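The values are calculated or read from the model by the stated rules, or taken from the named source; none is laboratory data. Just so it is clear, the structure is predicted and the values come from calculations on it, not from any experiment. Note that each Cβ is placed from the backbone with ideal geometry, even for glycine, and that neighbours are counted across all protein chains shown. These accessible areas exclude ligands, DNA and RNA; they are computed on the full protein's heavy atoms, side chains included. Shrake-Rupley method; radii C 1.70, N 1.55, O 1.52, S 1.80 Å.
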Amino acid sequence: MLHSMTSEPEQQLGVGTQDAFQRLWTPHRMAYIQGENKPTGPGAGDGCPFCSIPSASDEDGLVVRRGEHVYAVLNLYPYNGGHLMVVPYRHVADYTDLTEPETAELAALTKQAMTALRTASGAHGFNIGMNQGAVAGAGIAAHLHQHLVPRWGGDTNFMPVVGHTRVLPQLLADTRKMLAEAWPA
């Protein structure tokens, strides 16, 4: 048992029922839960964040790389440090609606992102995928986006398994800068 730990539950005034658990507060997640930055409808003019991000600076939009047809952007609500998405500029919902140049560049930026993440953070593996449609889990179903989640041996520790909480060791702005600098030419 750690020196600072005791077998007795700590008194927790003002946070609910006293029990043996410590609390890790993540109030920033409430924005995601309440639907902040979610479109009001399926159209490009309905507040789609993937349509508005390209008009922001790279730093403000968390854009890591811009291509001709697609761009790579950090996920504002990441599953892991370095979690990014490759997104077409064009507001399109379905993978089959991409043009050949969009499809090719989406694949190329995904490969480049893998290289950058390996260089910058030593990622051991990746989860790559798209959720097509709201019923498939797409948070923003009206604008296609491919997730790229870096993984490391042992990164599924007790926090997400037991605590249902992710611990991200780096600010998104710092992650964006690190990946932009590591992006292959």
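Just for the stretch 102-157: of the residues that are charged (D, E, K, R) and without any contact (Cβ under 8 Å) to a residue 60 or more places away in the chain, which one is farthest from residue 71 (Cα to Cα)?
Residue satisfying both the conditions and the ranking: 118.
Please verify whether the stretch 146-156 includes one or more residues that are open to solvent by 70 Å² or more (accessible area, probe 1.4 Å) and either of a type outside the set (Asp, Glu) or more than 16 Å from the chain's Cα centre (by Cα) (or both).
The answer is yes; a qualifying residue exists.
Which numbered condition in (1) among the small types (Gly, Ala, Ser); (2) more than 26 Å from residue 38 (Cα to Cα); (3) in a helix (DSSP H, G or I) is the only one that residue 153 fails?
So residue 153 meets the others, but not (3).
Can you tell me how many residues within the stretch 120-154 are of a type in the set (Phe, Trp, Tyr) and in contact with a Cys (Cβ under 8 Å, 6 or more places away or on another chain)?
0
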